[in-house]
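Novice: Let me begin by handing over the structure; questions about it come next.
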Amino acid sequence: MVVPVVQAVRYSVFDWNGLGPLDDFVGLANYARALQDTVFTSAVLNNFLIIGLSIAIQLPLGLGIALLLNREIRGRGFLRVVIFMPYVLAEVVAGVVWVLLLQPNGLVDAVVEGVGLGGLTQLWLGDPEVALGTVMVVLTWKYLGLAVLLFLAGLQGVPEDVYEAAQLDGASWWQVQRRITIPLLGPTIRTWGFLSMIGSLQLFDMVWILTGGGPANSTVTMAIYLINQGTERGQYGYASAVAVILFVISLVLAVLYQQFILRRDTDSAPTPRKAVR
Amino acid sequence: MSAPTTTPAPGRPVPLQPERRGRRTAFGGGGPLVYAIAAVVVVVTVAPVAYAFLGGFRSNAQLAANPTGLPDPWVVDNYVDVLTSPSFWRYTLNSTLVALVTTVIVCVLGVMAAYPLARYQFKGREALALVFTLGLLFPLTVAIIPLFLLVRDVGLTNSVWGVALPQAAFALPLTVVILRPFLAALPKELEEAAMIDGASRFGFFWRVLLPLSGPGLVTVGVLAFVASWNAYLLPLLVLSDPASQTLPLGVASFSSQYAQDTAGVLAFTSLAMIPALIFFLAMQRRIVNGLQGAVKG
């Protein structure tokens, strides 16, 4: 595992097509080129946008559904299986189905027209203005199940007597969730956020199938850019430089997240308990 | 239907609180609103998959005329075509082979790495464990280019090993992180008892620990299998020869090759989904527990 990463650093300072000898040393020129390429910078931007939007969309939705499933409702087990199902499907398989759903005159168009919003139908994946939004919807569909699953596991860890005490004090269901459950779920939410962030940074399969990074590079991610430059164009030295940048960004984000967000869990474990009063 | 369940049979002790699991009953079930939300969530989640399965039973003309309709009449040709095509079975066989090899390597190496980390005291143990934890941060994507070049240089392109070995290597951190606490939790007395009975450390590992770690191994095995079964990026680069390609690659190439044949593509993707869905339903608990356990650490 370490070898490929070290190799990437080595390749990244050469102009190399992956075949001949490594003899055209170019120093940091590959890095400079990447940072000046607007496609690459928009890929980085898209990755950050996807990280932010994933958390902003999936956190409230996932939390809502987890709280819903945590009640005594009929068919809870069934619901849980159903919601988690998309997570287990291969991204490629799910992506191919979504491409067909989203094609003009496909199911999505029919549903949108069916609810009387016919004017809104458009080239979901073909219009640079909306493609990234469409990709986000599909990603939410695919990954919401993981958030729900993890939040449910966290909810199982909330001690029951806390609920009884709150109920004796006359707290409403909503008050209990807001003041007790969600604060106690803090560590789980923060861990999920970390997983979601790393996943968003590596995003490739789904976008590759849905849009291939297009139209007009509007949905390109760092991993897509990497593959385009490397295997499609044979610029392995340059692609390695991109890989190293991706690696450094992941590492920096991971360390920052660890320092500023996860650390609260290890340093001050009893804090969430205070919220219980 | 109502009377016999509400009045307990005479002579039997009446349960004080006939509630299930005793959790959350305080806030009761849900009103109609809760069920309505649940129904919407289920429909949105299932619709794409259901559309694919049903769409596979329709003709392209039916799909074009009315995208939302049910099959009328039901057409089985699409499914028959896929099931009788040798390429579909070749993809499936390749996927199975790659996933099995990956899983076996992950389980064997995982337990071998996790065992000393969990049960022996030695210098640098925590540092070594940290290496595996940090490994979680480096998914395959980051290293894909040098990894591909490495696989090519050792001549493993278009071979099962070219995909299975790197996949196993990158699945190892998660495996060790899950297995280590699992192995550490097995009681120390067992080890002492085995030693008294004359078992060597290796004997203990082989005869006692390995059988006992079955559930943990199944969990990591299932996770590795699913990850390998669904993998796309590495096979995309390593397996360029159609004869060696796996199911996700097959789905992708079929769907671009027969882009006009929507019904055919839906049938192909549906059939490609089935193994994963069956596996998921059968192993649901393992997958769920594994992922939840990994996060709790």
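Novice: Among the candidates B:43, B:34, single out the residue that is free of Cβ contacts under 8 Å to residues at least 24 places away in the same chain, under 27 Å from residue A:144 (Cβ atoms) and loosely packed, with under 13 Cβ neighbours inside 10 Å. Give the derivation first.
Specialist: Values: B:34 fails: loosely packed, with under 13 Cβ neighbours inside 10 Å.
One residue alone meets the criteria, B:43.
Novice: Within the bounds of the range B:215-229, is there any residue that is touching a Phe, Trp or Tyr at 6+ places or on another chain (Cβ under 7 Å) and either closer than 26 Å to residue A:225 by Cβ or acidic (Asp, Glu) (or both)?
Specialist: no
Novice: Moving to a separate point now. What's the total number of residues in the range A:186-222 that are among the aliphatic types (A, V, I, L, M), modelled with pLDDT under 85 and outside any helix (DSSP H, G or I)?
Specialist: Residues that pass the stated criteria total 1.
Novice: Sort out which residues of the range A:49-71 are under 18 Å from the mean Cα position of the chain (by Cα) and without any contact (Cβ under 8 Å) to a residue 40 or more places away in the chain, and write them in order of number.
Specialist: Residues satisfying the conditions are A:52, A:56, A:60.
Novice: Restricting attention to the range A:112-126, report how many residues are among the β-branched types (Val, Ile, Thr) and either more than 29 Å from the chain's Cα centre (by Cα) or modelled with pLDDT of 75 or more (or both).
Specialist: First, the residues of the range A:112-126 that are among the β-branched types (Val, Ile, Thr): A:112, A:115, A:121.
Among the residues that remain, those that are also either more than 29 Å from the chain's Cα centre (by Cα) or modelled with pLDDT of 75 or more (or both) are: A:112, A:115.
Count: 2.
Novice: Would you please name the residue that is nearest to residue B:221 (Cα to Cα), looking only at residues in the range B:61-79 that are assigned to a helix (DSSP H, G or I) and at pLDDT below 85? Working first, answer last.
Specialist: First pass over the range B:61-79, keeping only residues assigned to a helix (DSSP H, G or I): B:61-65, B:77-79.
Those left that are additionally at pLDDT below 85: B:61-65, B:77-78.
Working: B:61: 44, B:62: 42, B:63: 40, B:64: 43, B:65: 45, B:77: 36, B:78: 34 Å.
Only one residue tops the list, namely B:78.
Novice: In addition: Out of all the residues in the range B:126-140, is one or more over 30 Å from residue A:253 (Cα atoms), away from chain A (no Cβ under 12 Å), touching a residue at least 12 places away in the same chain (Cβ under 8 Å) and part of a helix (DSSP H, G or I)?
Specialist: no
Novice: Another question, then. Could you go through the range B:200-213 and let me know if any residue there is surrounded by 21 or more Cβ atoms within 10 Å (Cβ to Cβ) and assigned by TED's automatic domain parsing to the domain that holds residue B:144.
Specialist: Step one: list which residues in the range B:200-213 are surrounded by 21 or more Cβ atoms within 10 Å (Cβ to Cβ), which gives B:213.
Restricting the remaining residues to those that are assigned by TED's automatic domain parsing to the domain that holds residue B:144 gives B:213.
Checking the range B:200-213: at least one residue is surrounded by 21 or more Cβ atoms within 10 Å (Cβ to Cβ) and assigned by TED's automatic domain parsing to the domain that holds residue B:144.
Novice: Can you tell me how many residues in the range A:228-239 are surrounded by fewer than 23 Cβ atoms within 10 Å (Cβ to Cβ) and in a helix (DSSP H, G or I)? Working first, answer last.
Specialist: Initially, the range A:228-239 is screened for residues surrounded by fewer than 23 Cβ atoms within 10 Å (Cβ to Cβ), giving A:228, A:231-235.
Pick out the ones that are also in a helix (DSSP H, G or I) and you get A:228, A:231-232.
So the count comes out to 3.
To keep it simple, each residue is scored yes or no on (1) buried (at least 16 other Cβ atoms within 10 Å of the Cβ); (2) aliphatic (A, V, I, L, M); (3) at the interface with chain B (Cβ under 9 Å from one of its Cβ atoms).
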| site | (1), (2), (3) |
| --- | --- |
| A:89 | yes, yes, yes |
| A:132 | yes, yes, no |
| A:141 | yes, no, yes |
| A:144 | yes, yes, yes |
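Novice: Would the range A:162-170 turn up any residue that is within 11 Å of chain B (Cβ to nearest Cβ), in a helix (DSSP H, G or I) and closer than 30 Å to residue A:228 by Cβ?
Specialist: Scanning the range A:162-170, I find no residue that is within 11 Å of chain B (Cβ to nearest Cβ), in a helix (DSSP H, G or I) and closer than 30 Å to residue A:228 by Cβ, so the answer is no.
Novice: Here's a follow-up. In this structure, is residue A:126 more than 7 Å from chain B (Cβ to nearest Cβ), touching a Gly at 6+ places or on another chain (Cβ under 9 Å) and not in a helix (DSSP H, G or I)? Working first, answer last.
Specialist: Numbers: more than 7 Å from chain B (Cβ to nearest Cβ): yes; touching a Gly at 6+ places or on another chain (Cβ under 9 Å): yes; not in a helix (DSSP H, G or I): yes.
Yes.
Novice: Kindly provide the set of residues from the range A:190-210 that are at the interface with chain B (Cβ under 7 Å from one of its Cβ atoms), within 16 Å of residue A:91 (Cα to Cα) and among the β-branched types (Val, Ile, Thr), ordered by number.
Specialist: The answer is A:209, and nothing else.
Novice: Please tell me if residue A:234 is in contact with a helix residue (DSSP H, G or I) (Cβ under 7 Å, 6 or more places away or on another chain) and not basic (Lys, Arg).
Specialist: On the way: in contact with a helix residue (DSSP H, G or I) (Cβ under 7 Å, 6 or more places away or on another chain): no; not basic (Lys, Arg): yes.
No; evaluated as a whole, the condition is false for this residue.
Novice: Let me ask another. I'm trying to understand the selection: among the residues of the range B:28-60, which are more than 7 Å from chain A (Cβ to nearest Cβ), part of a loop (DSSP other than H, G, I, E, B) and more than 26 Å from the chain's Cα centre (by Cα)?
Specialist: B:31, B:57, B:58, B:59
Novice: Give, as residue ranges, the helices (runs of 4 or more DSSP H) completely inside the range A:1-73 that count at least 1 residues that are modelled with pLDDT of 85 or more, buried (at least 18 other Cβ atoms within 10 Å of the Cβ) and away from chain B (no Cβ under 13 Å). Give the derivation first.
Specialist: Values: elements: A:2-11, A:29-36, A:38-69.
The qualifying helices (runs of 4 or more DSSP H) are A:38-69.
Novice: Related question: Look through the range A:91-106, keep the residues that are more than 7 Å from every other protein chain (Cβ to nearest Cβ) and assigned to a helix (DSSP H, G or I), and return whichever of them is farthest from residue B:276 (Cα to Cα). So that I can check it myself, show each step before the final result.
Specialist: Residues of the range A:91-106 more than 7 Å from every other protein chain (Cβ to nearest Cβ): A:94-95, A:99, A:102-104.
Applying the additional criterion that residues be assigned to a helix (DSSP H, G or I) yields A:94-95, A:99, A:102.
Values: A:94: 12, A:95: 15, A:99: 20, A:102: 23 Å.
Out of the qualifying residues, it is A:102.
The values are calculated or read from the model by the stated rules, or taken from the named source; none is laboratory data. Note that the structure is a prediction, hence the values are computed from the model and not measured. We place every Cβ from the backbone using ideal geometry, glycine too, and count neighbours over all the protein chains shown.
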